[in-house]
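What follows is a single structure, written as structure tokens, with notes after it.
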Amino acid sequence: MAQGEKKFAGRYQINRKLGEGGMGEVWLAHDLEMNEEIALKILPSEIALDSRAIQDLKNEVSIARRLSHPNIVRVHDLGREGDYYFITMEYIKGITLLEKLVQLRERENRNFQVDEIIKIAKPICDALDYAHQCRIIHRDIKPSNIMISEDGKVKLMDFGIARVVKDTLSRISQTRIVGTLSYMSPEQILGEPLDARTDIYSLAATFYDLMAGKPPFASGAVEYQILHEMPKPIPGVSKLVNAVLMKGMAKKPEERPVSAILFYEQLVKSEQYEKGVDRTLKIEKTKGLTNKAKYMVIGAFITSFLIGFLVLDSFNGWLLWKKEPIVKEELSGTTPGGIEKQQLESNETKDLTITDTTKKTADTENSDQQPSKDKESKPSIRPAPTTVVPTIPPDVTPILTPALPDVPPPLTQKELEKMSGYLKVSPSPPTTVYVDGVMMGNSQRLGALKLLGGPHKVTLVSQQYGSRNVYVEIKAKSTTNVSFPY
Ligand SMILES: Nc1ncnc2c1ncn2[C@@H]1O[C@H](COP(=O)(O)OP(=O)(O)OP(=O)(O)O)[C@@H](O)[C@H]1O
Ligand SMILES: [Mg+2]
């Protein structure tokens with residue numbers, strides 16, 4: 001698409017290219033109808049030729065549009081111009097976490113630090129938790145799908161959509177997996193049914209990448225490693241923080257934290273534990289106890305709480321990567337990473353005998369996690385591990401995770417009904433009404449629009465008076481009336 005082109009799809013003035021992913025280009029555009037800046041993502045032309053792809057995409061866009069959260073990039077609409085489908089979404093003036101990492105490495109010769117990760121983890125985990133509560137999973141969390149705006153807001157983007165495009169291309173081109181493998185969970189690689197815990201894995205892999213300067217498995221037989229090996233701990237990062245990351249990347253979904261918020265809390269607690277000495281000093285002002293007694297009470301409290309929480313919950317994770325034999329025995333045949341005991345042991349031997357030319361041992365691959373002044377310190381955007389997946393050695397059968405009975409099923413029609421309410425808009429004089437960026441009609445009185453409970457953005461566009469935004473909260477099973485006298 002050429003910059004300065006008159007009008008794209010009869011509505012958008014194209015401004016400049018914002019970036020390019022494996023699936024197409026993203027442009028900054030001016031929505032002439034709504035009079036606002038938007039980001040416009042042009043999808044690969046193959047999509048327009050495939051009716052199933054179009055249907056999948058429509059479903060995914062309509063699901064993504066239900067999400068309304070301050071830390072999720074809002075999806076406006078799906079459109080078509082000639083041979084191309086495109087998606088319009090909220091424009092974020094800022095950079096992705098991948099770009100930020102590259103900046104840090106180039107300018108300061110370092111990766112993200114734990115406290116920086118903890119700061120950005122809160123809004124990301126909040127957003128993810130919200131989406132999971134709406135029973136929506138992202139399926140493609142990675143540093144380039146998280147943005148930090150110029151005013152410091154953290155935004156998660158490409159919910160569901162990025163993955164559906166890649167799955168479609170994979171089906172059309174008959175390539176097993178299209179896209180970056182680095183952050184994919186084992187169950188996603190195996191093509192199993194997914195639930196929220198696949199996002200927890202990808203988020204842990206993302207944080208690992210940001211702190212290590214490269215993904216958990218960055219080269220060689222990445223698919224094999226994701227299924228059978230644990231990443232090397234990140235040098236210079238505490239054991240507990242590493243343990244929390246490893247637990248997030250456990251092979252079996254049921255070994256991971258059950259929610260994004262829990263994952264966040266574990267990260268925070270592991271970091272606080274490391275800084276325990278500073279915190280006891282802060283509490284010196286407490287009245288009524290001598291300093292010695294205060295330290296004892298506080299120390300006992302902190303120790304019992306943290307040890308109870310972290311050691312029990314996270315110890316398993318890091319013992320796996322340390323491969324302590326005692327843990328394997330205690331767990332009656334299954335390691336926390338989800339590989340059967342005998343399997344793990346036999347895999348260790350197989351690691352050495354596999355003759356894949358791309359394969360290296362985990363040790364050699366991960367030996368340069370931290371940027372060092374002696375080593376190359378100009379990372380640039382790292383090439384994503386290949387889109388053509390190396391074959392798993394035939395003598396290694398991956399352990400399949402059985403579908404879990406406690407995984408919440410997708411919302412049924414009945415549940416959706418329960419969670420939905422109605423919006424009645426009566427603009428006067430008649431104007432064009434948009435709800436969450438989608439045109440609903442042009443009249444003085446619109447029928448009741450059924451919407452999922454939660455906040456929604458209503459925009460009125462009047463030729464005479466310009467556009468106006470109003471935010472309404474839709475309550476489940478009730479009707480909200482909005483009238484707009486200009
Ligand atoms: N809503 C947006 N606002 C501002 N910039 C954006 C927005 N969406 C994408 N970008 C920019 O466009 C770039 C390309 O995004 P895109 O989603 O196409 O690729 P990706 O996520 O890096 O990779 P892929 O889609 O291949 O997995 C991003 O890195 C970012 O710089
Ligand atoms: Mg993206």
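The values are calculated or read from the model by the stated rules, or taken from the named source; none is laboratory data. Please read all numbers here as calculations on a predicted model, not as lab measurements. Cβ sites come from the backbone with ideal geometry, for glycine too, and all protein chains shown count toward neighbours.
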Checklist entry - In the range 51-77, what count of residues is obtained for those that are outside any helix (DSSP H, G or I), over 16 Å from the mean Cα position of the chain (by Cα) and closer than 21 Å to GLU417 by Cα? => result 2
Next on the checklist: Given the criterion within 15 Å of ligand 2 (Cβ to nearest atom), of a type in the set (Lys, Arg) and over 25 Å from LYS17 (Cα atoms), identify the matching residue among ARG139, ARG110.
Outcome noted: ARG139
Checklist outcome for this item: Taking the range 118-170 and keeping residues within 10 Å of ligand 1 (Cβ to nearest atom) and outside any helix (DSSP H, G or I) leaves ASP140, LYS142, ILE146, MET147, SER149, LYS155, MET157, ASP158
Checklist outcome for this item: TYR201 vs (1) among the hydroxyl-bearing types (Ser, Thr, Tyr); (2) over 22 Å from GLU99 (Cβ atoms); (3) outside any helix (DSSP H, G or I): all pass except (3)
Checklist entry - Can you find a residue in the range 148-162 that is under 21 Å from ALA48 (Cα atoms), at pLDDT 90 or above and within 15 Å of ligand 2 (Cβ to nearest atom)? => result yes
Checklist entry - For the range 37-61, which residues satisfy the criterion of being within 14 Å of ligand 1 (Cβ to nearest atom) and surrounded by fewer than 16 Cβ atoms within 10 Å (Cβ to Cβ)? => result GLU37
Item to check | Inter-residue pairs, beta-carbon under 7 Å, first closer than 19 Å to LYS153 by Cα and not assigned by TED's automatic domain parsing to the domain that holds VAL26 and in the range 75-93, second crowded, with 19+ Cβ neighbours inside 10 Å and of a type in the set (Asp, Glu), 6+ apart | outcome: none
Checklist entry - Looking at GLU192, GLU187, which one is assigned to a loop (DSSP other than H, G, I, E, B), modelled with pLDDT of 90 or more and among the acidic types (Asp, Glu)? => result GLU192
Next on the checklist: Is it the case, given these coordinates, that PRO235 is in contact with an Asp or Glu (Cβ under 9 Å, 6 or more places away or on another chain) and assigned to a loop (DSSP other than H, G, I, E, B)?
Outcome noted: no
Checklist entry - Which residues, counting only those in the range 208-231, are within 16 Å of ligand 1 (Cβ to nearest atom) and at pLDDT 95 or above? => result ASP209, LEU210, PRO215
Checklist entry - Quick one: in the range 21-44, which of the residues that are assigned to a strand (DSSP E or B) and aliphatic (A, V, I, L, M) is farthest from the chain's Cα centre (by Cα)? => result ALA29
Checklist outcome for this item: ALA205 vs (1) modelled with pLDDT of 95 or more; (2) of a type outside the set (Val, Ile, Thr); (3) outside the structural domain of VAL164 (by TED's automatic domain parsing): all pass except (3)
Next on the checklist: Show the residue pairs meeting these rules: Cβ distance below 6 Å; 6+ apart or different chains; first residue within the range 250-263 and over 20 Å from TYR130 (Cα atoms) and assigned to a loop (DSSP other than H, G, I, E, B); second residue at pLDDT 95 or above and of a type in the set (D, E, K, R).
Outcome noted: ALA250/ARG256
Next on the checklist: Out of everything in the range 78-101 that is in a strand (DSSP E or B) and surrounded by 19 or more Cβ atoms within 10 Å (Cβ to Cβ), what residue ends up being nearest to ligand 2 (Cβ to nearest atom)?
Outcome noted: THR96
Checklist entry - Limited to the range 18-47, what total is found for residues that are modelled with pLDDT of 85 or more and more than 14 Å from ligand 2 (Cβ to nearest atom)? => result 12
